[in-house]
Amino acid sequence: MGLRFKTKHFLIAAPVLIVGTAVLAFSGRASTGSSPKGASPLAAVVRVVPTPLSSVLTLSGEFRPFQEADLHAKVAGYIRKISVDVGDRVKAGQVLAVLEVPELSAQVLGAEASTRRSEDSIRRAQSELEKAESLHAATHSAYARLKEASQTRPGLIAEQELDEAQARDKQAEAQIEVSRAALSENGNQLWVAKAETQRVTALSDYARITAPFAGVITKRYADPGALIQAGTASSTQAMPVVRLADTTKLRLVLPTPESVVPQVHLGTVVRVRVPTLGRTFEGRVARFADALDEQTRTMRTEIDVDNPDGSIVLGMYAEADLVLAQRDRVLTVPLQAVARTGSEARVLVIGAGDVVEERSVKLGLEGPQRVEVLSGLREGDRVIIGSRSQFRIGDPVTPHELSPEAEKTGEGFS
C-alpha cells in the first residue's frame, strides 16, 4: 500500500512541474521583448510656430428661393389655357395662362362705343360753335351798318329797328359761349370714356397671367376649365394659378446664436457645403434680421449662393462655415496639446535635457484644429500631443517631432 501511494503522488506532481516550467519560459521570452530597463519613452511633439488662425462657426440651414410668388388672377374667370407645368423654366413677361372672361369683353366693347359717341359729340359741338360764330359775324355786321347809317343820317333808321339789330347781335354772341361750353362738356365726357376704356382694357390684360420675373414653376394649382376668383382681397381666399420661384440665386437661412451676433458682418465670404451633392459652394452674408427671435435667441442670417446650373434644389440642407474672427500670424498649438480645467489651461513641454515640463498658458482665438497662445510659450517650444497619462513631470523622454501633415492627420498620437 505504501509503495502504491508514493507512485500516485509522483504522477500528480509531474504535470504541475511541467506547467510551471512553461510559464517561467513564457515570462522570460516576454520580458526579453520589452524595452530595456531605463529607456526614455517616445513622445510625439510639435513646435510652437506662428500661423494664420480663424475662428469658424459651422451652422446648418435650408436653401430658399431668392424670390418666390404665388401668381393670382386680378379678374375672375375660367382658365382657357395654361401653358406651363411644374419644373418648367420661364422668362420674365412670359404668358403662363389665359382666362376666359366674357362679361369683360362686353365691357370693353361698351367702353369703346362710349368713346366713339363722345368723339361724335365733340365733332357736333365743334360744328355748332362754328355755326354760332358765323351767325354772330353776320348779325354783328348788320347791327354795325345800321348803327353807322343812323349816326350818319339821324332819323333814317328807326330806334326800334336799331334795338332789335343790337339784340340779335348780343344773342348770337351768347350762343357762341353756349356752343363753347357744350364743346368743353363733350371734351370732358370723351376723357371719361377714354379712362373707362383704359380701365376695362387693363382688366382685360389681366386675363393674361404673365411671369413677373424669370424662374421655375414649383407648383401648379389649377387646370384648364377651372374657375379662378379675383385675387384682389384676402377675404375671397382666391386660389393662385401657379407658384413661381427664382432659383438662379438662393438664400441660405442660418439661425445665428446670440453669442456671435456682434461678429456677423455683411459681405463676409462663407464656405457652404451641401452633403447631398458632395460639393462646396461660395456664398456671402447678404443680410441679417438685426433682431433676435425671442424663443430661440437666434438671429436670422441669410447667405446668398449663386446657383446658375440649378444643381442646388430648393429645401436642401447645407452646412456653412461662418468666419467670426481671423488672425494673420499668431503663436498656436494643436488643440490636442492643451489640457483644460475650468478656466485654466496647461501644456506639457519638453525642456532642456529632453525633460517633461508643465506650463500654464493663456489661450486666445480658437480654430477648428489649433488655438492661439497669448502667454506661457515662446516660438520654437516643443509641446507634447497625445495621451498625457504616460508622462510625468521631470521624466526624460525621447522626442519625435511630427511633420505638419502628420499633425493634421493625427499620425503618431499615442
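The values are calculated or read from the model by the stated rules, or taken from the named source; none is laboratory data. Since this is a predicted model, take the numbers as computed values, not measurements. Neighbour counts run over all protein chains shown; Cβ positions are idealised from the backbone, glycine included.
Could you grab me the full set of residues in region 99-130 that are part of a helix (DSSP H, G or I) and either under 17 Å from A73 (Cβ atoms) or under 43 Å from the mean Cα position of the chain (by Cα) (or both)?
Those that are part of a helix (DSSP H, G or I) and either under 17 Å from A73 (Cβ atoms) or under 43 Å from the mean Cα position of the chain (by Cα) (or both): P102, E103, L104, S105, Q107, V108.
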field: Matching entry among S35, S31, S60, S27 (being modelled with pLDDT of 90 or more and surrounded by fewer than 14 Cβ atoms within 10 Å (Cβ to Cβ))
entry: S60
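Quick check: anything in region 215-228 hydrophobic (A, V, I, L, M, F, W, C), in a strand (DSSP E or B), at pLDDT below 90 and surrounded by fewer than 17 Cβ atoms within 10 Å (Cβ to Cβ)?
Yes; the residues of region 215-228 include at least one that is hydrophobic (A, V, I, L, M, F, W, C), in a strand (DSSP E or B), at pLDDT below 90 and surrounded by fewer than 17 Cβ atoms within 10 Å (Cβ to Cβ).
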query: Of G351, G267, which residue is at negative phi and not aromatic (F, W, Y)?
result: G351
query: Name the pairs whose Cβ atoms lie under 9 Å apart, with the first residue in region 284-310 and in a loop (DSSP other than H, G, I, E, B) and crowded, with 17+ Cβ neighbours inside 10 Å, the second at pLDDT 90 or above and aliphatic (A, V, I, L, M), and 6 or more positions between them or separate chains?
result: N307/L250
- line: Taking region 320-336 and keeping residues within 27 Å of P275 (Cα to Cα) and either surrounded by fewer than 16 Cβ atoms within 10 Å (Cβ to Cβ) or modelled with pLDDT under 85 (or both) leaves V323, L324, A325, Q326, L335
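This table checks each residue for (1) more than 30 Å from A193 (Cβ to Cβ); (2) not polar (S, T, N, Q).
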{"site": "S114", "(1), (2)": "no, no"}
{"site": "R117", "(1), (2)": "no, yes"}
{"site": "A144", "(1), (2)": "yes, yes"}
{"site": "E148", "(1), (2)": "yes, yes"}
{"site": "Q166", "(1), (2)": "yes, no"}
- prompt: Scanning for something surrounded by fewer than 18 Cβ atoms within 10 Å (Cβ to Cβ) and closer than 29 Å to V192 by Cα, does region 77-94 turn up at least one residue?
  reply: no
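Output yes when any residue across region 271-281 is small (G, A, S), modelled with pLDDT under 90, out of contact with any strand residue (DSSP E or B) (no Cβ under 9 Å at 6 or more places or on another chain) and not assigned by TED's automatic domain parsing to the domain that holds P368, and no when none is.
For region 271-281, residues small (G, A, S), modelled with pLDDT under 90, out of contact with any strand residue (DSSP E or B) (no Cβ under 9 Å at 6 or more places or on another chain) and not assigned by TED's automatic domain parsing to the domain that holds P368: absent.
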statement: If we keep only residues of region 371-389 that are assigned to a loop (DSSP other than H, G, I, E, B) and touching a helix residue (DSSP H, G or I) at 6+ places or on another chain (Cβ under 8 Å), then the residue surrounded by the most Cβ atoms within 10 Å (Cβ to Cβ) is I385
message: When you scan region 339-352, do you find a residue that is at pLDDT 85 or above and closer than 30 Å to K219 by Cβ, even just one?
response: no
field: Qualifying positions in region 254-270 - part of a strand (DSSP E or B) and crowded, with 17+ Cβ neighbours inside 10 Å
entry: L254, T256, V270
statement: Taking first residues from region 121-138 that are touching a residue at least 12 places away in the same chain (Cβ under 8 Å) and second residues anywhere that are charged (D, E, K, R) and surrounded by fewer than 18 Cβ atoms within 10 Å (Cβ to Cβ), the pairs with Cβ under 8 Å that are 6 or more apart or on different chains are A125/E185; L129/R180; H136/E173
- prompt: List, please: which pairs have Cβ atoms under 8 Å, are six or more places apart or on different chains, and start with a residue in region 195-213 that is in contact (Cβ under 8 Å) with a residue 12 or more places away in the chain and end with one that is outside any loop (DSSP other than H, G, I, E, B) and among the charged types (D, E, K, R)?
  reply: T197/E112; A207/E100; F213/D246
